[in-house]
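Reviewing the structure listed below.
The values are calculated or read from the model by the stated rules, or taken from the named source; none is laboratory data. Computed from a prediction, not measured in an experiment: that's the story for all the values here. Every residue, glycine among them, receives a Cβ derived from its backbone with ideal geometry; neighbour counts consider all protein chains shown. Protein only, heavy atoms only, side chains kept; ligands, DNA and RNA dropped before computing areas. Shrake-Rupley method; radii C 1.70, N 1.55, O 1.52, S 1.80 Å.
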Amino acid sequence: MSYREAIEEYKQLHGYEAMQLRAVLFDMDGVLFDSMPYHAAAWSQVMSDAGFTFSKEDVYMNEGRTGADTINTASLAQFGKPATQEQIDALCRAKCELFDTYPATPRMEGAIELVKKVKACGLTPMIVTGSGTPTLLDRIQSNFPRLFDENHIVTSFNVKRGKPYPDPYLLAMEKGGLKPHEAIVVENAPLGVTAGVAAGLFTVAVNTGPLKEKVLSDAGASIVFPSMQALRDEWERLHDALTR
Ligand code: CA
């Protein structure tokens, strides 16, 4: 499907005459930062140590959920009961501690150029993440200096229900004063795509992990790019199709 066709399909489904693009809502891990290999290693290690069956691929399939939701979902599926708050706190702490022993995560290849292009088009770049590490805002500002306004960042601190619920994207729209057809979502994970689509937003996926592209289109992504570099390189064409 061409960009035009994907956009037409979205407009028809939601009853919009035209897109009126004002913002781009970026997911963070696996989109702006190449951090997923480390998250996958840390989660699968800590969960396995605690007696769960939890492969690295499981981490990618759960990506986007908050830490508490990830643990609860696995506990319900594998032990038939939700995790206790103590278990959740201990596992989240252990995961963060292990993650912090890894090297600092680099920016995703292509990410900073894409965000700069988005800004140069007069659009507002925003971040919508299920992550909630204390150093998150510092990491964003040091890796993407002056590109994201602090009021335009939604983290797991700001919402009760994380992705795949639409809540984080709905809050981002509220913060930005945006209607659904005034923004698009850039996600790399199936549950993140589900959240964007559930919020009524035109959602594109970048397949930066090990999953098959089909997982992302099945989750509802209107367009799937093979990488962030690909989206960066295609941005002018996509923007043209969105604003025509
Ligand atoms: Ca992600």
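When the accessible area of the chain is computed with all protein chains present and a 1.4 Å probe, what percentage of it is carbon and sulfur?
The nonpolar share, carbon plus sulfur, comes to 50 percent.
For the residue pair residue 158 and residue 89, what label-to-label distance in nm results when each label sits 7 Å from Cα along the Cα-to-beta-carbon direction?
Distance between the two pseudo-spin positions: 2.7 nm.
Let me check something: with ligands and nucleic acids excluded, how do 212, 116, 163 order by accessible area (1.4 Å probe), largest to smallest?
Largest accessible area first, the residues go 212, 116, 163.
Assuming 1.306 mPa s and 10 °C, estimate D for region 10-122 with Stokes-Einstein, Rh taken as the Kirkwood radius over Cα pairs, in µm²/s.
96
How many nm is it between the label spots at residue 81 and residue 171, if each spot is 7 Å from the Cα in line with the beta carbon?
3.0
Among the aspartates and glutamates, which have Cα under 15 Å from the Cα of residue 81 when same-chain residues fewer than 8 positions away are ignored?
Hits, sequence-local ones excluded: 69.
Could you tell me the calculated FRET efficiency between residue 48 and residue 133, based on Cβ-Cβ distance and R0 = 22 angstrom, to the nearest 0.05?
The value I calculate is 0.55.
Once the piece of chain linking residue 12 and residue 218 is laid out straight, how much longer is it, given 0.36 nm per residue of separation minus the C-alpha distance between them?
Taking residue 12 through residue 218 to full extension adds about 72.3 nm, to one decimal.
So if each residue of separation counts as 0.36 nm, and I subtract the Cα-Cα distance between residue 237 and residue 104, what length gain in nm does that give?
Net length gain for the segment: 44.6 nm.
Run the numbers on the chain and let me know its relative contact order in percent, using alpha-carbon pairs under 8 Å that are six or more apart.
Over the chain, the number comes to 27 percent.
Could you state, as a whole-number percent, how many of the C-alpha pairs of the chain are farther apart than 34 Å?
Distances greater than 34 Å cover 13 percent of the Cα pairs.
Subtract the Cα-Cα distance of residue 73 and residue 2 from 0.36 nm times their separation in residues, and report this length gain in nm to one decimal.
Gain on extension, residue 73 to residue 2, equals 21.9 nm.
Once you've got the Cα coordinates, tell me which of 56/160; 117/175; 56/117 are over 31 Å apart.
Going by Cα-Cα distance, 56/117 fall outside the 31 Å limit.
State, to one decimal in nm², a quarter of the convex hull surface area for the C-alpha atoms of region 36-99, i.e. the direction-averaged projected area.
It is 3.6 nm².
Comparing 51, 67, 132, which has the greatest mean-square fluctuation in the GNM of the chain with Cα pairs linked when under 10 Å apart?
It is 51.
Whole angstrom only: what separates the Cα centroid of region 12-42 from the Cα centroid of region 209-239?
Spelled out, the Cα-based centre of one part sits 10 Å from the other.
Which GluC sites (Glu not before Pro) from region 1-102 combine a DSSP loop assignment with at most 13 other Cβ atoms within 10 Å?
17
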